[in-house]
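Here's the structure we're looking at; comments come further down.
What follows draws every value from the coordinates through simple rules; no lab data is involved. For clarity, every value in this text was computed on a predicted model and none was experimentally measured. Because the Cβ atoms are built from the backbone with ideal geometry, glycine has one as well, and the counts that use them run over all protein chains shown.
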Amino acid sequence: MDLRKYLVDLRDSDMLRFVDEELSINYEIPYVITRFDKGPTLEFTNVREFRHVHVIGNVVNTRDKVYKALNVKSDTEFYRRLLWAENARHPTSQLR
């Protein structure tokens, strides 16, 4: 899944909030992101230093969002995929 599709999925699941207030990337946006640490994904649409750039925060800050991004439904499925990725990265034949 690419980031754009993932953000659409979050929006459709009511897990994405837009912040339209003008904020700076220095202190203000990081502060808001930390205040919503376990909350919704935040898309900042009015970044003071970059007029035509959006900043996204809290993209995978909860287990539900990680599972949604990886398209898994359970802990077992997640850990199975994690182990598969680790094995793909370090095949047993290369460890000798």
Open item on the list: As I understand it, the value is the acute angle between the Cα axis of helix 3-12 and the longest principal axis of the Cα atoms of the chain; what does it come to in degrees, rounded to 10?
Closed with: 70 degrees
- [ ] Counting only chymotrypsin sites (Phe, Trp or Tyr not before Pro) that are in a DSSP loop and have at most 16 other C-beta atoms within 10 Å, tell me the longest site-free stretch of the chain.
- [x] 37-96
Task: Charge-dipole axis of the chain as Lys and Arg at +1 and Asp and Glu at -1 on Cβ define it, positive-most pick from 69, 24, 8 - done: 69
- [ ] Compute the longest continuous run of the chain that contains no exposed GluC sites (Glu not before Pro); treat a site as exposed when its DSSP state is not H, G, I, E or B and it has at most 15 other Cβ atoms within 10 Å.
- [x] 50-96
TODO: For residue 17, enumerate residues with amide H under 5 Å from its amide H, sequence gap 5+ or separate chain, H modeled in the peptide plane.
DONE: 41, 42, 43
Open item on the list: Give me the extension gain from residue 70 to residue 26: residue separation times 0.36 nm, minus the current Cα-Cα distance, reported in nm with one decimal.
Closed with: 12.8 nm
Task: Calculated Cα extents along the principal axes in Å (choose from (1) 62, 29, 22; (2) 53, 30, 23; (3) 59, 32, 26), label - done: (2)
TODO: May I ask you to derive the relative contact order of the chain, considering only C-alpha pairs under 8 Å and at least 6 residues apart, and to give it as an integer percent?
DONE: 21 percent
TODO: Taking the Cα centre of the chain as origin, work out the dipole magnitude from +1 charges on Lys and Arg Cβ and -1 charges on Asp and Glu Cβ, in debye rounded to 20.
DONE: 520 debye
Task: Loop-located trypsin sites (Lys or Arg not before Pro) in the stretch 30-80 whose Cβ has at most 16 other Cβ within 10 Å (DSSP) - done: 38, 48, 51, 73
